[in-house]
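Engineer: Have a look at this one before I ask anything.
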Amino acid sequence: MPKNKVPVLQVPKSKLDRLTRSQHQGVVAMVKWVAFQDLQDVIDLAYQSGVDPCFLILDRITDVRNFGAIARSAEVFGINGLIIPKKDSAPINQEAIKASAGALLRLPVSQISESQHAVKTLQRNGFRVIACTEKSSASLRENISPGATAFVLGSEGEGISEQVLQLCNATSTIPQLGQISSLNVSVAAGIICYEWMLFQQSKSS
């Protein structure tokens, strides 16, 4: 720690207990939460990667564990970043970072005024925006194609807002065989990110 010029303080265990409700095991680090990145900057950077860029727009996803799990899958499968609206979004806090297994410390996150703004900005930059909803009749694989792409995911309770749906270029669903009508949103996000990675790998093979 001294090597990196990080100050270390020895304090009573009772003070650590007041700082956090989690199992701290005798050590607590005070860190700044993730800083949001400008959407246009992140888009420009993604295009410089040399492969088709891909983003996830999280519309009204408020559960921090789902948010963290989505970030984890996105980072693992090479998604370029997450885009969230200012209102009705899960906070990037200790619980979210823990659920993401640290992915939220690596993955760019952009915060915008509303999801509609994100869709329009991406489309102006050449992205095809696909709304992932159980109401669609087109399977996910049918809609994944070459080019910059963004997938929209909605909350489990309300789904994607109608205003956002109307702006999207296409809708897709994940085919299912069972009787339960829908997947947990973080599970769906993992499948979407994996399918995107497989498609990118198939293009380069």
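Engineer: Any chance the stretch 34-52 includes a residue that's surrounded by 14 or more Cβ atoms within 10 Å (Cβ to Cβ), modelled with pLDDT under 75, farther than 22 Å from Val164 by Cβ and not basic (Lys, Arg)?
Structural biologist: no
Engineer: Pick out, from the stretch 90-205, the helices (runs of 4 or more DSSP H) lying fully within it that include 2 or more residues that are more than 22 Å from Phe67 (Cα to Cα) and at pLDDT below 95.
Structural biologist: Once the helices (runs of 4 or more DSSP H) in the stretch 90-205 are filtered for at least 2 residues that are more than 22 Å from Phe67 (Cα to Cα) and at pLDDT below 95, what remains is 140-143, 185-204.
Engineer: Next question. Restricting attention to the stretch 102-160, report how many residues are farther than 18 Å from Gln176 by Cβ and of a type in the set (Lys, Arg).
Structural biologist: 4
Engineer: Tally the residues that are within 11 Å of the chain's Cα centre (by Cα) and of a type in the set (Phe, Trp, Tyr), restricting the search to the stretch 64-101.
Structural biologist: Number of matching residues: 1.
Engineer: Further question on the same structure: Anything in the stretch 95-126 that is of a type in the set (Ser, Thr, Tyr) and touching a helix residue (DSSP H, G or I) at 6+ places or on another chain (Cβ under 9 Å)? List them, or say none.
Structural biologist: Ser100, Ser110, Ser115, Thr121
Engineer: Cβ-Cβ under 7 Å, sequence separation 6+ or interchain: first residue in the stretch 99-112 and closer than 17 Å to Asp63 by Cα and free of Cβ contacts under 8 Å to residues at least 60 places away in the same chain, partner of a type in the set (A, V, I, L, M) and surrounded by fewer than 21 Cβ atoms within 10 Å (Cβ to Cβ). Which pairs?
Structural biologist: Ala99/Val64
Engineer: Could you please tell me which pairs satisfy a Cβ distance under 6 Å, a separation of 6+ or placement on different chains, a first residue in the stretch 59-85 that is in a helix (DSSP H, G or I), and a second residue that is of a type in the set (Val, Ile, Thr)?
Structural biologist: What qualifies is Asn66/Val185; Phe67/Ile61.
Engineer: Any idea which of Ala138, Ala189 is crowded, with 18+ Cβ neighbours inside 10 Å and in contact with a Ser or Thr (Cβ under 8 Å, 6 or more places away or on another chain)?
Structural biologist: Just one listed residue meets the conditions, Ala189.
One line per residue, one yes/no per condition, for (1) among the aromatic types (Phe, Trp, Tyr); (2) in contact with a helix residue (DSSP H, G or I) (Cβ under 7 Å, 6 or more places away or on another chain); (3) exposed (fewer than 14 other Cβ atoms within 10 Å of the Cβ); (4) over 17 Å from Leu39 (Cα atoms):
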residue	(1), (2), (3), (4)
Asn80	no, yes, no, no
Asn93	no, yes, no, yes
Arg128	no, no, no, no
Asn143	no, no, no, yes
Leu153	no, yes, no, yes
Cys168	no, yes, no, yes
Ile180	no, no, yes, yes
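The values are calculated or read from the model by the stated rules, or taken from the named source; none is laboratory data. Quick caveat: nothing in here was measured; it's all calculated off a predicted structure. In this analysis, Cβ positions are derived from the backbone assuming ideal geometry, glycine residues included, and neighbour counts consider all displayed protein chains.
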